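Coordinate-derived values only; no laboratory data. This is a predicted model, so every value here is computed, not measured. Neighbour counts run over all protein chains shown; Cβ positions are idealised from the backbone, glycine included.
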Amino acid sequence: MEKKYALLIDAENADIKYLSNILNELKTYGNVTYKRMYGDFTSSSMKDWNRRALEYAIVPIQQPHYSKYKNAADIMLVIDAMDILYNKSVDGFCIVSNDSDYTRLVNRLCEAGYEVIGMGSSNASKTLKAACTEFKNLEKIFSDDLDSVDSKPQSLKKGKKTNATVSEDEYDDKGSITPVEEIRQAIMDLIGKEDDRAGLGGIKSTLQRQYTDFDERNYGFTSIRKFIESMKDFQVIQEDSTVYVTLKKPDIGELEVNQFIRSLLFQKAYEMGELSNKVHERFDGFNPKHYGYNQFGKFVSNIDGVEVVRDDNNNAIAKLEE
């Protein structure tokens, strides 16, 4: 059965240009049975909301400002949300706002077992983002003109294809989205827990639980598969109707790396960090996890004739066995 959602828009704290995109996105989750927007629509600054509401059959909840210091529309949205909650007529909520004042409301809805999808701009309250089941960054994944240059991902503006290898420098814009390196590490950890492979759908669900603002479109990709395939660490395989993600088989033989490390240690002992740098300089793309080790130190200590000890400062030192 298709899920039902209540769409509640704080029109005084949202951008009208995203309205059609908000509705289109929410429809991918299920049927939008409640469509309401809140604000003082007698204000000249809100006239566009009135006009667009007719196009999409959104019910405007008129709420005048009783005080210039209080936003009465916020109160009305909360009241309606709680009424809908107690009516038990929906499976989830979508709250469009950037305001941290809704954090407790979102917490309450989640406590009652409801999915809450938040939508807002990149400067939305961090506490609000964290409270939501998912949070969609409208500036990242939507545009009022999909054919315009400004609407394309940053990778396209730079003349790069969206299926290019993901670079943390390209996509991590001052922390507004989770860094790619953190996403990559989370996928590696998940694959390690799942006997060296994990289902593609399961990976996306896990990432969305870990990072409520995660969406592959934030990084310039149209699907989770393309996003993961762009990372040099992973390969996507399909068996019948199931799609899995595994670590790529290393191009560098483990024996070759072992021999290189032993040749270095033949000259002198190395502090583990320095030894790691030497190995990465020699073998581009080296990753101990490709060989079944969670840490570089584990990789080194498993080499025949090599031991890892601690010095007086508790630093890990690799050296040849005596």
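Please list log₁₀ I(q)/I(0) at q = 0.15 Å⁻¹ for region 254-320, using the Debye equation with identical point scatterers on the alpha-carbon positions. Per q value, in the given order, log10 I(q)/I(0) is -0.41.
So if R0 is 35 Å, what FRET efficiency would Val236 and Glu2 give, r being the distance between their Cβ atoms, rounded to the nearest 0.05? List each step's numbers first, then the result.
Values: r = 29 Å, r/R0 = 0.82.
For Val236 and Glu2, the calculated efficiency is 0.75.
Roughly how far apart, in whole Å, are the Cα centres of region 284-322 and region 207-226? Cα centroid of region 284-322 versus Cα centroid of region 207-226: 34 Å apart.
Of the peptides 51-60, 290-299, 213-222, 17-26, how do they stack up when ordered by the mean number of other Cβ atoms within 10 Å, highest first? Write out the running numbers ahead of the final one.
Numbers: 51-60: 13.7, 290-299: 16.3, 213-222: 21.0, 17-26: 17.9.
The most tightly packed comes first, giving 213-222, 17-26, 290-299, 51-60.
Over all Cα atoms in region 1-145, the spread is summed up by Rg and Dmax: 14.1, 45 Å.
What the phi angles of region 207-219 give under the Karplus curve with 6.51, -1.76 and 1.60, with θ = phi - 60°, is a coupling list of 4, 5, 6, 6, 10, 5, 9, 5, 7, 4, 5, 4, 9 Hz, glycine and proline written as x.
Compute the FRET efficiency between Arg52 and Asn302 as 1/(1 + (r/R0)^6), taking r as their Cβ-Cβ distance and R0 = 56 Å, and round to the nearest 0.05. Efficiency computed from Cβ-Cβ geometry: 0.35.
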